[in-house]
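Okay, structure first, notes after.
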Amino acid sequence: MSLYQKIRQQSREFGQRTLDRHLRLGVTGLSGAGKTAFITSLVHQLTYGDQPAHLPFFSVVREKRYLGGQLDQRQALSVPRFPIEQNLQYLQQEPPMWPPSTKGWSQLSLSLRYKAVSGLRAKLQSRSELALNIVDYPGEWLLDLPLLSMSYQQWCEFSWRLFRQPHRQEAAKVFEQHLQACNQQDASELALQNTTEQYKTLLHQFHDTAGAYLNQPGRLLVPGELAGAPMLQLFPLLPEQAAENSALAKKLEQHYQSYCKNVIEPFYQQHFARLDRQIILVDCLTALNSGYAAMQELQQALQLILKSFHYGPTSLLTRLFKPKISKVLFAASKSDHATPEQHQALSLLLQQLLHQPLKLSHYQAATTEVMAIAAIRASVSGYVQVDGLAQPCIRGESLGQKSVTYFPGEIPDKIPSAEFFKQHKFEFLSLQPLRWREQEPLPHVRMDHVLQFMLGDKLE
């Protein structure tokens, strides 16, 4: 983006913020939580799905005041664009497929038009507009935010406490043996790259391990434009090694500080420091499938990440110069992988997972909500007769393209104990999206509630 384009864009955004006509929405979630599907659905609902029967709880649509949403064509050509059209094509395939995970950051801007019902806008304007900016990024990058509050020594200690958890311990043994055999005075390019590759292999193993959420640094898994950069030669020494004043420890300390300063801080400033509202997606069902250690690590990951954000009410000055997140939606994603009567328990489970962040956001006076959603439906719900009784069930297609009708099981309304997990195994299946035709709105669960909570007051 040229300097002229940047100044012009910032001036337009500044003007919109002055009039409270600009909203920057952050969609936050770990890898696999469903961010790409959520943004695809959100954009499609606002541009094509604006029918009262489809979004009954979105007041501006229900009251027939919504005039439509359009993608903003003024987005700078140098800014990566969220691939909304390609994602919709994946959903239209036969059989339909989930859009691929994000490999780099991207942005999409929308212009929402509506008829105001209150204030000067209702009296002076036949139509009003709200500019909505949405940013997407790999969930793996989000996990780097906690590093900003750790030294290299602290990160090594944190990492190896994590690696010694039951679901990680076996995979970490080979890398631990490699570090023990390393020459701590050899900080050559070849030695660094060799050990980094060993650590990258371990991170990929963790990434494929159910319940292993905290994998840092995230750019080793999804490097984006930093592929091959020397600062990505980074791995956690054993804590006793990191405490030594060796050549290798010094070099890794330099790379760690450079990574925090030149990668994590700019990423945070560009994508998170100016957020107005936030949606936090959490896949509780996959964590339940993975066991007690997975639930504990998911809770730890969410609590560490959410410490990085600033919550609280907004005023004109904070909106212009130091925005705070005034509304936060905690959403349990993939709720359609369970039967509808289990959704309340799913919401309660998420509330317990986020107990500390919820307390923090309430304390700072942000408005919060917890709900179970499915941005794009993968099942239909109903009942089957079992011994003369109606049994709730869902029907969908498994990832192996096999049609299944089943009861997925009950969802606990709080985190089960380790003993409970030893006696009970959860089996929530992964499902393909429902078949969908382009001229129809995308099927969902409670996306109208999401839109009402996040945007309803801005479209009055």
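The values are calculated or read from the model by the stated rules, or taken from the named source; none is laboratory data. Predicted model only: the values in this text are computed from it and were never measured. Note: ideal-geometry Cβ built from the backbone for every residue, glycine included; neighbour counts use all protein chains shown.
From the list PRO80, PRO56, pick out the single residue that is of a type outside the set (Asp, Glu) and either farther than 18 Å from ASN133 by Cβ or not assigned by TED's automatic domain parsing to the domain that holds ASP448 (or both).
Checking each option against the conditions leaves just PRO56.
In the range 42-91, how many residues are among the hydroxyl-bearing types (Ser, Thr, Tyr) and assigned to a helix (DSSP H, G or I)?
Of the residues in the range 42-91, 3 are among the hydroxyl-bearing types (Ser, Thr, Tyr) and assigned to a helix (DSSP H, G or I).
Can you name the helices (runs of 4 or more DSSP H) wholly within the range 216-274 that have at least 1 residues being closer than 19 Å to PHE206 by Cα and of a type in the set (Lys, Arg)?
In the range 216-274, the matching helices (runs of 4 or more DSSP H) lie at 218-221.
Only one of ASN183, ASN194 is part of a loop (DSSP other than H, G, I, E, B) and either touching a Phe, Trp or Tyr at 6+ places or on another chain (Cβ under 9 Å) or more than 30 Å from LEU281 (Cβ to Cβ) (or both). Can you tell me which?
Answer to the selection: ASN183.
Residue-by-condition table, conditions (1) of a type in the set (A, V, I, L, M, F, W, C); (2) under 24 Å from VAL60 (Cβ atoms); (3) in contact with a Ser or Thr (Cβ under 6 Å, 6 or more places away or on another chain); (4) not assigned by TED's automatic domain parsing to the domain that holds PRO99:
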{"site": "ILE411", "(1), (2), (3), (4)": "yes, no, no, yes"}
{"site": "PHE421", "(1), (2), (3), (4)": "yes, no, no, yes"}
{"site": "LYS425", "(1), (2), (3), (4)": "no, no, no, yes"}
{"site": "GLU440", "(1), (2), (3), (4)": "no, yes, no, no"}
{"site": "ARG446", "(1), (2), (3), (4)": "no, yes, no, no"}
{"site": "VAL450", "(1), (2), (3), (4)": "yes, yes, no, no"}
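Any idea which residue in the range 354-363 is modelled with the lowest pLDDT, counting only those that are closer than 24 Å to LYS334 by Cα and out of contact with any strand residue (DSSP E or B) (no Cβ under 7 Å at 6 or more places or on another chain)?
PRO357
Quick check on the range 115-168: of everything there that is at pLDDT below 95 and among the hydroxyl-bearing types (Ser, Thr, Tyr), which residue is nearest to VAL222 (Cα to Cα)?
Filtering first and then ranking leaves TYR137.
With the structure loaded, tell me whether LEU451 is hydrophobic (A, V, I, L, M, F, W, C), assigned to a helix (DSSP H, G or I) and crowded, with 18+ Cβ neighbours inside 10 Å or whether it fails that test.
So LEU451 passes the test.
Step by step: first the residues of the range 291-344, then only those that are among the hydroxyl-bearing types (Ser, Thr, Tyr) and at pLDDT below 90, then the one that is surrounded by the fewest Cβ atoms within 10 Å (Cβ to Cβ). Which residue is that?
SER315
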